[in-house]
Amino acid sequence: MANKNLKTQNILILVASYFFYSCWDWRFLFLLMFSTFLDYFTGLKMVESGKISQKKIWFWLSIIVNLGFLGIFKYYNFFALSFASFTSLLGFKIHPTLLDIILPVGISFYTFHGLSYVIDIYYDRIKPEKDFVDYALFVSFFPLLVAGPIERATHLLPQIKKPRVFDFEKAKDGMRQILWGLFKKVVIADQCAELVNIIYADEKYTGITLIFGAILFSFQIYGDFSGYSDMALGTARLFGFELLRNFSFPYFSRDIAEFWRRWHISLSSWFKDYLYIPLGGSKGGTWYRVRNTFIIFLVSGFWHGANWTFIVWGFLNALFIMPSILFKTNRNNLDIVAQGRIIPSFRELISVVITFGLSTFAWIFFRAESLPKAIHFIEKMFVNITESNTLKGIITNHSGNRLILYIIFFFTIEWLGRENNYAIQKLGIKWHKSLRWAFYYLILIIIFFARDSKQEFIYFQF
């Protein structure tokens, strides 16, 4: 009876996941289903083949088809235009045929789910899943389908196959995390987006105004992406699933290496396990560590989008992480800044500020529409740098003062909760019940009054 109930649960969640995805564009549901069936069938065939040569054929068929779909939908126009620009430098002019197609939402995420599954089977790390419904649910589970986190079969599939019952304590934790995710998205990210869009779109701004816009984008992308991740993890917890954690207070990092252990953790660990280590990892001396690090970050940049701005963003992060690589100061643990203390030391504070400044500088390329616009933005940051009247006008005319208060409140809560697994999930548990509920209602009220600014999730485009 338990197995029957589990099968019913999984079918119901799978159908709901497909419905969820089809609400965006039902036509691309067939691409998701084809990719799912391909990797499921490939996994079985690699084991059934018995011969290494046949196993390799099935393996590379899956890799080529998956990356082929990703290349066509996401990168074809980029390569075509880049090739045309290159040939024009040689004196040849060509006019490539471009594809007028929509990028399927979440394609990079569910493609990486399938790739990790096939790679793990090929290297005999896991056995293929025989139940198609269970495997399809692993790929298509709706909280993580469109923007991650990027799950592993070794982590999620056992949970799918395990009987689940409603857990009230997990549900409460999930609701708290959903609430905090909503606050990050609606109050921080969307409110920042209004000012960021204004500052990046107008050529007249210079100096401190552009610096303010760059800082706001750092807050926007963190609130946007980690907010979605919190809502995804909280929603999954309602159904009895524990997804991989994707963020761990990255803006409290003391160097870029630590930042990348705390930002988009599931993607960073994916590249580490499936690209960095196969390339040799840290073995073979300093040159190999440097080479592999640059490869990882350039590929990571390209994964985010078909634009040279993302590649430069990846290059900058690789450059910023070099001191940790060369001097072997990369921390292997995830100790928290000012652990056991409310106030960080002066050295920790300076390290956090410098790390935030470096990541904010790199985000300029991530946000800019093109390389020339990013460079122009940076150049104008140093023009009239002390002129503040324009910035005061923007803050006054666009409720900037209220936004600054929201950001201060937000980072205060994150700072106080940084030593727990999640800021809002545990914060206030030991408070008096009335105080705790007053705190939650305060967050809901702030969300209600800030809800008018509606912005799409940034990572839906990836």
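The values are calculated or read from the model by the stated rules, or taken from the named source; none is laboratory data. Computed from a prediction, not measured in an experiment: that's the story for all the values here. Because the Cβ atoms are built from the backbone with ideal geometry, glycine has one as well, and the counts that use them run over all protein chains shown. Keep in mind that these areas ignore ligands, DNA and RNA; they rest on the heavy atoms of the full protein, side chains included. Shrake-Rupley method; radii C 1.70, N 1.55, O 1.52, S 1.80 Å.
Among the numbered conditions (1) open to solvent by 30 Å² or more (accessible area, probe 1.4 Å); (2) without any contact (Cβ under 8 Å) to a residue 40 or more places away in the chain, tell me where Phe247 comes up short.
(1)
Whether any residue in segment 185-202 is hydroxyl-bearing (Ser, Thr, Tyr), open to solvent by less than 70 Å² (accessible area, probe 1.4 Å) and outside any helix (DSSP H, G or I) is what I want to check.
No, there is no match, as no residue in segment 185-202 is hydroxyl-bearing (Ser, Thr, Tyr), open to solvent by less than 70 Å² (accessible area, probe 1.4 Å) and outside any helix (DSSP H, G or I).
Counting just the residues of segment 304-319 that are out of contact with any helix residue (DSSP H, G or I) (no Cβ under 6 Å at 6 or more places or on another chain) and touching a residue at least 24 places away in the same chain (Cβ under 8 Å), which one comes out nearest to Arg125 (Cα to Cα)?
That would be Gly305.
Can you pull out the residues in segment 5-27 that are open to solvent by 50 Å² or more (accessible area, probe 1.4 Å) and free of Cβ contacts under 8 Å to residues at least 40 places away in the same chain?
Thr8, Leu12, Val15, Phe19, Cys23, Trp26, Arg27
Go through Tyr274, Tyr288 for me and flag whichever is out of contact with any strand residue (DSSP E or B) (no Cβ under 7 Å at 6 or more places or on another chain) and over 30 Å from Lys162 (Cα atoms).
Tyr288
Please indicate, with yes or no, whether at least one residue in segment 272-288 is closer than 25 Å to Ile364 by Cα and either open to solvent by less than 30 Å² (accessible area, probe 1.4 Å) or in a loop (DSSP other than H, G, I, E, B) (or both).
no
Kindly evaluate Pro149 against the criterion of being farther than 26 Å from Gly50 by Cα, in contact with a helix residue (DSSP H, G or I) (Cβ under 7 Å, 6 or more places away or on another chain) and surrounded by 23 or more Cβ atoms within 10 Å (Cβ to Cβ).
Yes.
Against the condition outside any helix (DSSP H, G or I) and either at positive phi or surrounded by 13 or more Cβ atoms within 10 Å (Cβ to Cβ) (or both), how does Arg176 come out, does it pass?
Judged against the criteria, Arg176 is not a match.
Residue-by-condition table, conditions (1) in contact with a helix residue (DSSP H, G or I) (Cβ under 7 Å, 6 or more places away or on another chain); (2) of a type outside the set (Gly, Ala, Ser):
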| position | (1), (2) |
| --- | --- |
| Phe212 | yes, yes |
| Phe217 | yes, yes |
| Ala232 | yes, no |
| Arg254 | yes, yes |
| Ser269 | no, no |
| Ile277 | no, yes |
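Out of all the residues in segment 260-310, which are closer than 20 Å to Phe356 by Cβ and among the basic types (Lys, Arg)?
Result: Arg261, Arg262.
Which residue pairs have Cβ atoms closer than 7 Å, lie 6 or more positions apart in sequence or on different chains, and pair a first residue in segment 125-136 that is over 15 Å from Thr42 (Cβ atoms) and in a helix (DSSP H, G or I) with a second residue that is open to solvent by 70 Å² or more (accessible area, probe 1.4 Å) and β-branched (Val, Ile, Thr)?
Val133/Ile11
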